[in-house]
Amino acid sequence: MKYIDEYRDPVAVRELIQAVSTTAQRIGGEPLRFMEVCGTHTMAIFRFGLRQILPGNVELISGPGCPVCVTAMAEVDRIVELSRREGVLVATFGDMLRVPGREISLAQAKAQGGRVEVVYSTLEALELARKNKEAQVVFMGVGFETTAPTVAAALFQAAGEGISNFSVLSCHKLLPPALEALLSGGKAKVHGFLMPGHVSTMIGAGAYEPLAREHKVPCVVTGFEPRDILSGILMLLRERAAHSHRVLIQYSRGVSWEGNTRAMGLLERVFQPRDSLWRGLGRIPDSGLALRPEFQGFDAERVFDLQPVPETEAQDPPGCRCGEVLQGLITPPQCGLFGRRCDPQNPVGPCMVSSEGTCAAYYKYN
């Protein structure tokens with residue numbers, strides 16, 4: 001299959017493994033820690049066994065690139081509370097259903113009588129509003145710059161049709177500010193980034209240039225097949241060997257320097273940046289998205305008069321160390337709950353729930 005088979009070619013992969021090993025050996029010194037930001041990368045790395053074939057001085061750590069995982073517990077509590085209100089129907093993507101709040105998850109709220117429907121797109125949530133005119137349909141908007149433009153498109157459509165029983169609880173996050181906060185915090189030691197292919201398709205590789213320049217850390221946007229990821233690691237190693245810190249595109253078949261300017265233009269017409277609470281990273285300036293005033297009739301926070309999320313509500317459940325996992329400070333097995341009290345059937349934290357979660361990847365493949 002085009003764009004798959006050639007990126008799994010065993011001969012080409014073996015050549016890349018050799019090149020990675022030779023380059024890493026030439027650099028020597030202390031271990032180099034490269035962070036794969038995207039949860040899809042984390043799953044692919046485990047699925048293809050790439051960690052096991054890397055040289056000893058190259059370490060891959062996972063970052064805050066799983067949108068479900070970085071959603072603060074308080075945001076889960078807000079949507080759970082809405083699902084319990086009379087006349088409210090909550091629409092959500094399936095991977096948010098089992099994420100625990102302080103007391104219960106959306107799945108448990110549904111079992112207790114709350115109206116919760118799983119949808120596969122924002123337009124499907126909008127269709128629920130058309131078919132359930134007696135209910136206020138609230139869509140939980142979770143995701144990075146990849147999915148936010150689709151929410152913007154649905155809101156344009158709702159405004160054009162005059163649909164008055166549809167609103168969005170925006171929990172959207174912007175990735176570059178989070179990476180800036182991660183490096184500025186000084187806790188995570190990162191020598192290079194494997195940047196996400198999906199987000200970068202939208203925002204463009206150029207969005208990472210300030211990060212690379214300010215912190216002198218190379219960034220490579222990669223795809224998700226073995227050759228993609230190994231090529232990205234090799235490009236990072238060569239940047240380190242040359243004492244360079246450029247932003248490079250390995251995933252050129254999907255990503256450009258400018259990104260999808262049309263989609264980002266649509267996003268900016270509907271949303272504006274605001275401070276946002278991230279699990280593990282706290283409140284980060286201009287890292288979230290709020291609806292602009294002209295779309296406030298579709299803003300669930302205004303429609304239901306929701307109070308701002310307090311800073312203290314970003315904490316994890318007792319014993320859960322998802323926040324540290326998302327910062328690359330620990331690996332999942334270092335959490336005392338991993339595989340004991342926390343597993344995919346009984347998750348304590350979101351990193352075990354999401355299909356892109358680091359804990360889920362470790363549990364499934366490691």
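Is it true that Val119 is under 30 Å from Val255 (Cβ atoms), free of Cβ contacts under 8 Å to residues at least 40 places away in the same chain and open to solvent by less than 30 Å² (accessible area, probe 1.4 Å)?
Against the criterion (under 30 Å from Val255 (Cβ atoms), free of Cβ contacts under 8 Å to residues at least 40 places away in the same chain and open to solvent by less than 30 Å² (accessible area, probe 1.4 Å)), Val119 qualifies.
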Any chance Ala314 is surrounded by 14 or more Cβ atoms within 10 Å (Cβ to Cβ) and modelled with pLDDT of 95 or more: no
All helices (runs of 4 or more DSSP H) inside the range 202-286 with 1 or more residues being over 25 Å from Gln25 (Cα atoms): 209-215, 261-270
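Results for (1) out of contact with any helix residue (DSSP H, G or I) (no Cβ under 9 Å at 6 or more places or on another chain); (2) without any contact (Cβ under 8 Å) to a residue 40 or more places away in the chain; (3) buried (at least 24 other Cβ atoms within 10 Å of the Cβ), shown as yes or no for each residue.
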site	(1), (2), (3)
Gln296	no, yes, no
Phe304	no, no, no
Leu329	no, no, no
Pro332	no, yes, yes
Gly339	no, yes, no
Cys342	no, yes, yes
Val353	no, no, yes
Lys364	no, no, no
Within the range 202-254, tally of residues that are open to solvent by 10 Å² or more (accessible area, probe 1.4 Å) and among the hydroxyl-bearing types (Ser, Thr, Tyr): 4
Of residues in the range 49-59 being assigned to a helix (DSSP H, G or I) and closer than 26 Å to Val70 by Cβ, the one most open to solvent (accessible area, probe 1.4 Å): Arg51
Members of the range 151-201 that are open to solvent by 40 Å² or more (accessible area, probe 1.4 Å), closer than 30 Å to Glu81 by Cβ and outside any helix (DSSP H, G or I): Gly162, Ser164
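Let's see how each residue does on (1) under 22 Å from the mean Cα position of the chain (by Cα); (2) hydrophobic (A, V, I, L, M, F, W, C):
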residue	(1), (2)
Arg98	yes, no
Gln108	no, no
Arg115	no, no
Leu128	no, yes
Ala135	no, yes
Gly143	yes, no
Leu169	yes, yes
Leu182	yes, yes
Residues of the range 1-48 satisfying the condition of being farther than 28 Å from Pro332 by Cβ, open to solvent by 70 Å² or more (accessible area, probe 1.4 Å) and either assigned to a loop (DSSP other than H, G, I, E, B) or basic (Lys, Arg) (or both): Met1, Lys2, Tyr3, Arg14, Arg26
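The values are calculated or read from the model by the stated rules, or taken from the named source; none is laboratory data. Fair warning: this is a prediction, and the values are worked out from it, not measured in the lab. When we count neighbours, we look across all protein chains shown, and the Cβ atoms used for this are built from the backbone with ideal geometry, even at glycine. The area values use the complete protein model at the heavy-atom level, side chains included, leaving out ligands, DNA and RNA. Shrake-Rupley method; radii C 1.70, N 1.55, O 1.52, S 1.80 Å.
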